[in-house]
Amino acid sequence: MNRNTLIQSLLDEPQKQWDIIIIGGGATGLGIALDAVTRGYRTLLLEQSDFTKGTSSRSTKLVHGGVRYMAQGDILLVIEALHERGLMLKNAPHLTANQEFVIPAYTLWDVILYTVGLKFYDLLAGRLSMGKSYFINRSKTLERLPLLKPDGLKGGIVYHDGQFDDSRMAITLARACVENGGTILNYFRVNTLLKNEKGKITGVQVKDIESGTEYAIHGKLVINATGVFADEIHRMDDPFSKPTIRPSQGVHIVLDNSFLQSNSAIMIPKTDDGRVLFAIPWYGKIVVGTTDTPLDTVTLEPRALDQEIDFILRTAGKYLTRPPKKKDIMCIFAGLRPLAANPGNPASTREVSRRHKITLSSSGLLSIIGGKWTSYRRMAEDTIDRAIKAGIIEKKKCLTKKFSFYSNNKHLKSDRLKIYGDQADEIEKIINDYPDFGDLIHPALPYTRAEIIWICRNEMPLTVEDMLARRTRALFLDARASREAGPVVAELMAKELGFGKSWQESEISKYNELVINYL
Ligand SMILES: Cc1cc2nc3c(=O)[nH]c(=O)nc-3n(C[C@H](O)[C@H](O)[C@H](O)COP(=O)(O)OP(=O)(O)OC[C@H]3O[C@@H](n4cnc5c(N)ncnc54)[C@H](O)[C@@H]3O)c2cc1C
């Protein structure tokens, strides 16, 4: 992944027609890009910021069928997601894990309801099940979750779901696209849809945010995969188009593992106001969330509301013997769910389906809205199939069901480096050749200087934020430590990418400002 080389592919043949142009570099767009390149279409993806700057780096990090959606009766969605969960765990074993969850039960009714419900969840997973669910008594529950409040506890129901690193998964998708001949560009914003005299879309007008250069790019098909921003693209197509997205904010906080001291996650199926709350171990910390707050406006950098943080702390405090306080929070992150809503639907966001919707406008804009990270592969397959059905592109078979992102069985000294996939041993080689690069970027963070160098060479980061938020997960694990690591990271990046002192200073100050949002 070299940005200059990829930009060159736009310049080489300015008049060439792409088969597919995808707007949006989150889970949905990158999934579609991989589906398209592996089928053999000439594919271009354009992301206005960094890959997964939007919702796709801010999820709960679950590869799941969705126990909650089952309770809401959305069985088809759950069956589809459980199937996709199985495929993702098989195809990306280096970025996913089988996570054990315990639902604490405080009444006999809870015991019966959740034991039966989760048996049904197991059944829906079929042969892609990740392990059977079962009831455990009070003492076994407290053995697994030693810091769970014991008052009134009857027992727990154990079940399994998948967990993953969302933005590393996205970067892995991006790399796979490029390896298969696709062109994937970050910091390229689509400003206009180009149309012919019949009003049909023929391409996009796009601006390289880095250089300011504008390009007119032509393609047979333009796909709108912009998540919560989908309506902005709809308005480029038709200024009078009705809203199709109902954004809903979800907030998480990150705590030290000393609040849980367990490898099992806690799932609270019904909080005081009817939401679901998770406390999940992730890279040695605990991610606790989430909320569901309907919003009217969308932004790339959403902010958690005070009442959302208070709700999470209050609810976690009801279940944990050591109630977390604001000062214990290591990171707060907010994301916007791109829920597909019927225009004028007054339903609360909890009842809005998480299923994806694909629409084709009369001018030929194919839009995909809604969905979940877990289902990204199926969403991509459905989108491309829809374009084939509409006769926009020729028929080619989907190949992603068995597309493996990890083949390397090489022995790595550090299992942690597996997140870099088949090239992880290149990072070990940097450390072997230059042992100083084996030093950590910060004592409280797991990342070495060698990783920063390798990422600069292979994964197209342009800013310190790209590096600390999405290539590594430093910002999400410990926002303060990531801020302290900023100068070291800026210096390493400047050397690798060929920037001077003023770039370093400006990057450090931009990053310091950003971190305030996460504290
Ligand atoms: C709080 C929360 C928790 C979640 N947890 C889970 C979970 O645990 N498991 C799960 O399966 N799902 C989960 N989801 C759902 C999942 O994260 C989303 O469905 C998914 O990430 C959406 O991806 P997307 O690509 O559609 O949107 P995004 O990730 O937002 O990507 C859209 C991209 O389009 C770009 N864009 C917009 N306009 C333009 C333009 N003009 N030009 C170029 N680019 C543009 C944006 O910059 C953005 O990067 C969660 C969602 C939220 C909010």
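The values are calculated or read from the model by the stated rules, or taken from the named source; none is laboratory data. Since this is a predicted model, take the numbers as computed values, not measurements. Virtual Cβ from ideal backbone geometry, glycine too; neighbours counted across all protein chains shown. Just the protein is used for accessible areas: all its heavy atoms, side chains included, with ligands, DNA and RNA removed. Shrake-Rupley method; radii C 1.70, N 1.55, O 1.52, S 1.80 Å.
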Return the calculated 222 nm mean residue ellipticity for the chain, to the nearest 500 deg cm²/dmol, obtained by summing -39500 (n - 2.57) across DSSP H runs with n ≥ 4 and dividing by the residue count. -10500 deg cm²/dmol
Relative contact order in percent for the chain (Cα pairs under 8 Å, 6+ apart) equals 18 percent
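Using only alpha carbons, build the gyration tensor for region 1-63 and give me the equivalent ellipsoid semi-axes, biggest first, whole Å.
Numbers: eigenvalues 118, 40, 16 Å².
With the √(5λ) rule applied to region 1-63, the semi-axes are 24, 14, 9 Å.
Given +1 on the Cβ of Lys and Arg, -1 on the Cβ of Asp and Glu, and no further charges, what dipole in debye does the chain carry about its Cα centre, rounded to the nearest 20? Intermediate values should be presented prior to the final figure.
Values: 69 positive and 60 negative charges, 314 e Å.
Here the size comes out at about 1520 debye.
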How big is the dipole moment of region 4-47 about its Cα centre under a simple scheme where the beta carbon of each Lys and Arg is +1, that of each Asp and Glu is -1, and everything else is neutral? Debye, nearest 20, please. 80 debye
Globularity ratio of region 273-334, using Cα Rg and 2.2 N^0.38 Å: 1.17
How would Thr202, Thr374 line up by accessible area, probe 1.4 Å, largest first? Thr202, Thr374
Compute the Rg/Rh shape ratio of region 29-177: radius of gyration over Kirkwood radius, all on alpha-carbon atoms. 1.07
Inter-part gap, Cα centre of region 354-377 to Cα centre of region 420-473, in whole angstrom, is 34 Å
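With a probe of 1.4 Å, find how much accessible area the chain has per residue, and write the answer as a whole number in Å².
Accessible area per residue: 41 Å².
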Fraction of beta bridges assigned by DSSP in the chain that are antiparallel (%, nearest 5): 75 percent
Which percent of the accessible area of the chain is formed by carbon and sulfur heavy atoms (probe 1.4 angstrom)? 53 percent
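To the nearest 20 debye, what charge dipole does region 431-519 have about its Cα centre, counting +1 at the Cβ of each Lys and Arg and -1 at the Cβ of each Asp and Glu?
160 debye
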With the charge dipole of the chain built from beta-carbon charges (+1 for Lys and Arg, -1 for Asp and Glu) about the Cα centre, the Cα from Val464, Pro324, Ile184 projecting farthest to the positive end belongs to Pro324
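Compare Lys357, Lys389 by solvent-accessible area with a 1.4 Å probe and give them largest first, with all protein chains kept in place. Before the final figure, lay out the partial values.
Details: Lys357 80, Lys389 180 Å².
Of Lys357, Lys389, the descending order of accessible area is Lys389, Lys357.
At 0.890 mPa s and 25 °C, plugging the Kirkwood radius over alpha-carbon pairs of the chain into Stokes-Einstein gives what diffusion coefficient in µm²/s? Can you show the working numbers first?
On the way: Rh = 23.8 Å.
It diffuses with D of about 103 µm²/s by this estimate.
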Ignoring ligands and nucleic acids, Tyr106 exposes an accessible area, probe 1.4 Å, in Å² to the nearest 10, of 60 Å²
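If you average 1/r over all unlike Cα pairs in region 406-505 and invert the result, what Kirkwood radius do you get in angstrom?
Details: mean 1/r = 0.0726 Å⁻¹.
Value: 13.8 Å, from the Cα pair sum.
For the full complex of protein chains and a 1.4 angstrom probe, list Glu491, Glu505 by accessible area with the highest value first. List each step's numbers first, then the result.
Values: Glu491 90, Glu505 115 Å².
From most accessible down to least: Glu505, Glu491.
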Dividing the alpha-carbon radius of gyration of region 45-129 by 2.2 N^0.38 Å (N being the number of residues), what value is obtained? 1.32
Roughly how much of Ser509 is accessible, in Å² to the nearest 10, using a 1.4 Å probe? 60 Å²
Would you kindly find the accessible area of Ser241, with a 1.4 Å probe and non-protein molecules such as ligands, DNA and RNA excluded, rounding to the nearest 10 Å²? 40 Å²
Working note, region 167-214: Cα radius of gyration (Å, one decimal) and Dmax (Å, whole number) are 14.2, 42
Have a look at Ala479, Met267, Leu10 and report the one farthest towards the positive end of the charge dipole of the chain, computed about the Cα centre with Cβ charges (Lys/Arg +1, Asp/Glu -1). Met267
State log₁₀ I(q)/I(0) for region 143-250 at q = 0.12 Å⁻¹ as given by the Debye formula over alpha-carbon point scatterers of equal weight, solvent excluded. -0.66
Karplus-derived HN-Hα couplings along region 45-59 (A = 6.51, B = -1.76, C = 1.60, θ = phi - 60°), whole Hz, x at Gly and Pro: 10, 10, 10, 6, 10, 8, 4, 6, 4, x, 5, 5, 9, 10, 7
Hey, can you list the DSSP H helices of the chain whose Cα span along the axis is 15 Å or longer and whose average Kyte-Doolittle score is at least -0.5? 27-39, 75-91, 108-125, 166-179, 479-497
